[in-house]
1. List the residues, sorted by chain then number, that are 5 or more residues from L127 or on another chain and whose placed amide H is less than 5 Å from its amide H.
2. Per-residue HN-Hα couplings for segment 175-188, Karplus 6.51 cos²θ - 1.76 cosθ + 1.60 at θ = phi - 60°, whole Hz, x for Gly and Pro?
3. What ranking do 163-173, 61-71 get when scored by the average of other Cβ atoms within 10 Å per residue, highest first?
4. Apply the Karplus parameterisation 6.51 cos²θ - 1.76 cosθ + 1.60, with θ equal to phi minus 60°, to every residue of segment 75-81 and state each ³J(HN,Hα) to the nearest whole Hz, in sequence, with x for glycine and proline.
5. Do any GluC sites (Glu not before Pro) in segment 135-182 lie in a DSSP loop with no more than 10 other beta carbon atoms within 10 Å, and if so, which?
6. Among 24-33, 206-215, 6-15, what's the highest-first ranking by average C-beta atoms within 10 angstrom per residue?
7. What order, most packed first, do the peptides 226-236, 88-98 have when packing is the mean number of other Cβ atoms within 10 Å of each residue?
8. Based solely on its DSSP helices, what 222 nm [θ] is calculated for the chain when runs of n ≥ 4 H residues each add -39,500 (n - 2.57) and the sum is averaged over all residues, nearest 500 deg cm²/dmol?
Amino acid sequence: MKPVIGIVSRRVSFIYQQRPYPRYGVAISYSDAVMAAGGAPVILPLTDERTLLDTYYGLLDGLLLAGGQDIHPLHYGEEPHRSLDQVDPMRDITELDLCRRALADDLPIFGICRGQQLLNVAAGGTLYQDIHSQAGEDRIRHFQDFTQEWPSHSILVEDNNRLRMATGTSKVLINSYHHQAVKEVAEGFKVTARAPDGIIEGLESVNHTFAVAVQWHPELMAERRDFNFRLFQLFVEASALRARSRKSLPAPAPQA
Ligand code: MN
């Protein structure tokens with residue numbers, strides 16, 4: 001059996017013959033990368049119902065936090081800046097809930113772009129709501145207008161972490177699609193990579209088996225089978241170990 005990797009969806013507007021048909025959706029590239037790495041992706045709808053969240057969480061061997069909208073700043077104790085972009089309150093609730101369960105339970109987590117920000121907020125950290133208005137106008141451009149699978153800027157990777165295990169080297173080129181970034185790193189997490197302007201491009205928990213996040217989109221570069229794909233392999237391997245340890249536990253004794 002393959003490890004089950006949960007990916008929380010987003011609301012997608014789909015118009016057919018001038019009528020709206022709201023949908024849940026996730027970019028195909030996330031599922032493709034998880035499948036190629038040996039995992040079984042499952043796409044989850046949005047909900048704040050506790051028993052549904054209990055049920056969905058119980059299915060998972062790993063949690064993939066995908067890219068997407070801004071996280072509402074009320075979740076990290078700030079009011080919305082005028083440069084705050086689109087938010088989806090129900091997605092915030094669904095993902096923060098599942099992510100906090102995963103952190104409390106040491107379930108493997110891999111955060112991508114918004115997912116890195118979500119992981120940081122779930123663990124108590126904060127964000128720049130808009131890099132250029134809050135972190136300084138001299139920061140580099142973190143949004144590219146050209147093909148997604150091509151890199152846009154370099155990052156410097158620290159020693160001794162999962163990302164470095166994937167890259168094998170201290171400097172790599174990555175794509176960039178974000179206007180927000182991690183500001184204060186959550187307690188228990190360390191920075192694994194930075195852009196040349198200091199913006200945080202990688203995070204990892206020092207207390208968890210696998211709670212790893214990157215600010216770029218490795219799923220869009222995973223077909224190269226380089227460090228981008230290796231990150232998915234490391235995540236799916238950790239999830240497979242988790243699945244095996246869970247399934248080998250004795251069944252709980254029936255309640256008297
Ligand atoms: Mn960037």
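The values are calculated or read from the model by the stated rules, or taken from the named source; none is laboratory data. From a predicted model like this one, the values you see are computed outputs, not experimental measurements. Please note: Cβ atoms are built from the backbone with ideal geometry, for glycine as well, and neighbour counts cover all protein chains shown. Just the protein is used for accessible areas: all its heavy atoms, side chains included, with ligands, DNA and RNA removed. Shrake-Rupley method; radii C 1.70, N 1.55, O 1.52, S 1.80 Å.
1. Those qualifying (amide H under 5 Å, at least 5 residues apart or on another chain) are K183, E184.
2. 7, 8, 9, 9, 10, 10, 7, 5, 9, 8, 6, 4, 4, x
3. The packing order, highest mean first, is 61-71, 163-173.
4. 6, 10, x, 10, 7, x, 6
5. The qualifying sites are E137.
6. Ranking the peptides 24-33, 206-215, 6-15 by packing returns 206-215, 24-33, 6-15.
7. Output ranking for 226-236, 88-98: 226-236, 88-98.
8. For the chain, the value works out to -8500 deg cm²/dmol.
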